[in-house]
Amino acid sequence: MKVVIMMSRVNYVPENYRSLLEACLQVTGIEVVGLLLVENRSFKVAFQGLGLLLMGAPRVGFALLKNALLPDPKIALAQRTQISLLRTRNPNDEKTLTWLHQIQPDLILHMRTRCILGPAFLKISKLACVNVHHGLLPETRGTLCDLRLLVAGHRGGFSLHRMVEKVDKGEVYSRTEVADARECQKNYGTYLRLSTVCEAHVVQKFLENLVRTGQLPLPLPPFLETEGRWFRTPSYGEIREWRKAGWKL
């Protein structure tokens, strides 16, 4: 089963999300044939990290700056394991699509980018393009949905779903609750570490099932009659309120 992993070059997760790539490499029967890195490292990302530091989210801001400035461990891992690597600023461009067509993946596994993928991209893999969405679908769509759940008094979590042209839509294959405010001690950095461990386990099980059956799992039934709420990047005012409520960001 040939799989392409798609990630951002820079994110705010500990170790730049390397552990998810490692988890995929450990699944028997899965051949990771490509790592598609969205090259988002720029002065803008550095300024975003500094801005988060000043806005009251020092842990997230520092992690973003650290991952932007230091060598990417995902690249080192890909080179060490001889995985085909492509860096792109636009995954919908002709160069990226040609690279994917040459590889002919059975599955594209998408994690932590903010890209909107076009129909030409989504049609390439034989089975699907599956996203790890950091929120519980269908209720929470958009960015930082896990944090939104936590500060609202719910358990944060993530979902695996089929990617379609509409953002955060498509069939949902699994929903996993990770922790609540007490379990992560109102520390978003702690939550991210817990979530990363859970994500690695769930993704491995998803891939193992794919190898065993040769097909995607049945989607979850539409148990909620809702389109969900769309969330954007938190404002300074929201971050300040969360900090006042005792959250360490």
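The values are calculated or read from the model by the stated rules, or taken from the named source; none is laboratory data. What you are looking at is a predicted structure, and each value in this text was computed from that prediction instead of being measured. All Cβ positions, even for glycine, are placed from backbone atoms using ideal geometry, and neighbour counts span all protein chains on display.
Things to note:
Residue-wise test of (1) farther than 25 Å from residue 52 by Cα; (2) touching a Cys at 6+ places or on another chain (Cβ under 6 Å); (3) surrounded by 17 or more Cβ atoms within 10 Å (Cβ to Cβ).
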{"position": "106", "(1), (2), (3)": "yes, no, yes"}
{"position": "117", "(1), (2), (3)": "yes, no, yes"}
{"position": "133", "(1), (2), (3)": "no, no, yes"}
{"position": "144", "(1), (2), (3)": "no, no, yes"}
{"position": "164", "(1), (2), (3)": "yes, no, no"}
{"position": "173", "(1), (2), (3)": "yes, no, yes"}
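- The set of residues in the range 32-70 that are of a type in the set (D, E, K, R), farther than 15 Å from residue 14 by Cβ and in contact (Cβ under 8 Å) with a residue 12 or more places away in the chain comprises 39, 41.
- Selection status of residue 117, in contact with a Phe, Trp or Tyr (Cβ under 9 Å, 6 or more places away or on another chain) and not in a helix (DSSP H, G or I): no
- The single residue among 110, 133, 154 that is out of contact with any strand residue (DSSP E or B) (no Cβ under 8 Å at 6 or more places or on another chain) and either in contact (Cβ under 8 Å) with a residue 60 or more places away in the chain or closer than 27 Å to residue 234 by Cβ (or both) turns out to be 154.
- Of all residues making up the range 70-123, the number that are β-branched (Val, Ile, Thr), touching a helix residue (DSSP H, G or I) at 6+ places or on another chain (Cβ under 9 Å) and under 22 Å from residue 216 (Cβ atoms): 1
- Selection from the range 71-94 of residues that are part of a loop (DSSP other than H, G, I, E, B) and without any contact (Cβ under 8 Å) to a residue 40 or more places away in the chain: 71, 82, 90, 92, 93
- From the list 202, 178, 197, the one residue that fits, being more than 18 Å from residue 142 (Cα to Cα), part of a strand (DSSP E or B) and at pLDDT 95 or above, is 178.
- The range 205-236: number of residues that are over 18 Å from the mean Cα position of the chain (by Cα), part of a helix (DSSP H, G or I), modelled with pLDDT of 95 or more and of a type outside the set (Lys, Arg): 5
- The condition of being more than 16 Å from the chain's Cα centre (by Cα) and in a strand (DSSP E or B) does not hold for residue 61.
- Among the numbered conditions (1) over 13 Å from the mean Cα position of the chain (by Cα); (2) at pLDDT below 95; (3) in a loop (DSSP other than H, G, I, E, B), the only one that residue 168 does not meet is (1).
- Pairing residues of the range 6-17 that are under 11 Å from residue 75 (Cα atoms) with residues that are assigned to a helix (DSSP H, G or I) and among the polar types (S, T, N, Q), at Cβ distances under 7 Å and at least 6 apart in sequence or on separate chains, gives 16/67.
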